[in-house]
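In what follows, a structure is listed as structure tokens, so that the remarks can point back to it.
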Amino acid sequence: MSRLLSISICLALVSSTSAVADDGAAEPFQNVVPASELVNLKMLTMDGVDIGTVSDIVIDREYGQIAFFAVRSKRSTNVLGNAYFLPASSVSLSSNAGRLTCNSTFEDVEHYGDLTKSGPMPLINTAVMSKLYSHYEAKPYWDTSVKVDQQLSLITVDELDGRIVRDSDWHVIARVKELLVEATGNWRVAYLSLGALPDAKTNQRIAVPMAAFAQETLSPTWLLDVPESALLLKQTFKRGDWPTEVNPGWNEFVHVKYGTSTAAGLQDAGTKTN
């Protein structure tokens, strides 16, 4: 790593008011909710039919986006796996916050079929997802210029729960406690809430954008490539007092180290700017 790059990253790590890079600027999030609180909510169609409850929420790690909601069906035994799959942009949180609504009719949902007919979720590719998104007239979040059978890097919210996070010296510094999403429009991922922090109270958390993490191929561990002493790891909040924005220092860190904005997804552990 060059001396200039090292200095730039250090400045980002020690400052909580770093200037945000032009392509990494982020507006405050609106209506931030833990994804875990959406699980088990009722899902209604636009014509008022209760089709079941949310069983899980599937995230695309590469793009840092919600790929789809998985809904446990209560009405049909003909749906393979007894589940429906709905693109995030086709779903809205009702004003009473006790249920979700899909912008399609029950007939449309019932007749689409099951996303997993193509195989297990790890094998779902852009060709399969394109059919799902097209059916619900949803705009794809992935790069549509790539080949149509690109494999997607999907993970469920349940799989993220408790995931180990290590620092640049490979020390365990935290665990993923919650994934926070913005419950509007495309339901973008806001940030991850980390707990089990060294020298912090049990209910203390830090908010870190997904793009600040990196992962080695096939490793379940996520790397937060900062020293344990970094001030970015010291700005905590109490669980339940969800921030509407992340520390601007994370924006600078991601921009300098990986050359992307915090709107991006999980980084490749081998990717660095020169």
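Inspect the range 226-242 for any residue being at pLDDT 90 or above, closer than 23 Å to Leu38 by Cα and within 16 Å of the chain's Cα centre (by Cα) and give the result as yes or no.
yes
Among the candidates Lys257, Lys177, Lys201, which residue alone is modelled with pLDDT under 85 and outside the structural domain of Gly64 (by TED's automatic domain parsing)?
Lys201
Out of the residues in the range 18-55 that are hydroxyl-bearing (Ser, Thr, Tyr) and in contact with a helix residue (DSSP H, G or I) (Cβ under 6 Å, 6 or more places away or on another chain), state the one that is modelled with the lowest pLDDT.
Only one residue fits best here, namely Ser18.
Is it the case that the range 162-178 has a residue that's closer than 26 Å to Ala88 by Cα, of a type in the set (Phe, Trp, Tyr) and either exposed (fewer than 14 other Cβ atoms within 10 Å of the Cβ) or without any contact (Cβ under 8 Å) to a residue 60 or more places away in the chain (or both)?
Taking every residue of the range 162-178 in turn, none turns out to be closer than 26 Å to Ala88 by Cα, of a type in the set (Phe, Trp, Tyr) and either exposed (fewer than 14 other Cβ atoms within 10 Å of the Cβ) or without any contact (Cβ under 8 Å) to a residue 60 or more places away in the chain (or both).
Answer yes or no: is there a residue in the range 173-194 that is part of a loop (DSSP other than H, G, I, E, B) and basic (Lys, Arg).
Within the range 173-194 (the criterion being part of a loop (DSSP other than H, G, I, E, B) and basic (Lys, Arg)), the answer is no, since none of the residues qualifies.
Is it the case that Arg188 is charged (D, E, K, R), in contact with a strand residue (DSSP E or B) (Cβ under 9 Å, 6 or more places away or on another chain) and farther than 30 Å from Phe106 by Cβ?
So Arg188 fails the test.
Please go through the range 224-246 and give me each residue that is crowded, with 22+ Cβ neighbours inside 10 Å and more than 22 Å from Trp170 (Cα to Cα), ordered by number.
Val246
Given Ser94, Ser130, Ser73, which one is surrounded by fewer than 20 Cβ atoms within 10 Å (Cβ to Cβ) and either modelled with pLDDT of 90 or more or in contact with a strand residue (DSSP E or B) (Cβ under 8 Å, 6 or more places away or on another chain) (or both)?
Ser94
So, in the range 144-172, exactly how many residues are part of a loop (DSSP other than H, G, I, E, B) and farther than 29 Å from Leu100 by Cα?
Selection size over the range 144-172: 11.
Yes or no: Leu197 of a type in the set (A, V, I, L, M) and outside any loop (DSSP other than H, G, I, E, B)?
no
The values are calculated or read from the model by the stated rules, or taken from the named source; none is laboratory data. None of these values were measured; they are calculated from a predicted model. Counting neighbours? That spans all protein chains shown, and the Cβs are built from the backbone with ideal geometry, glycine included.
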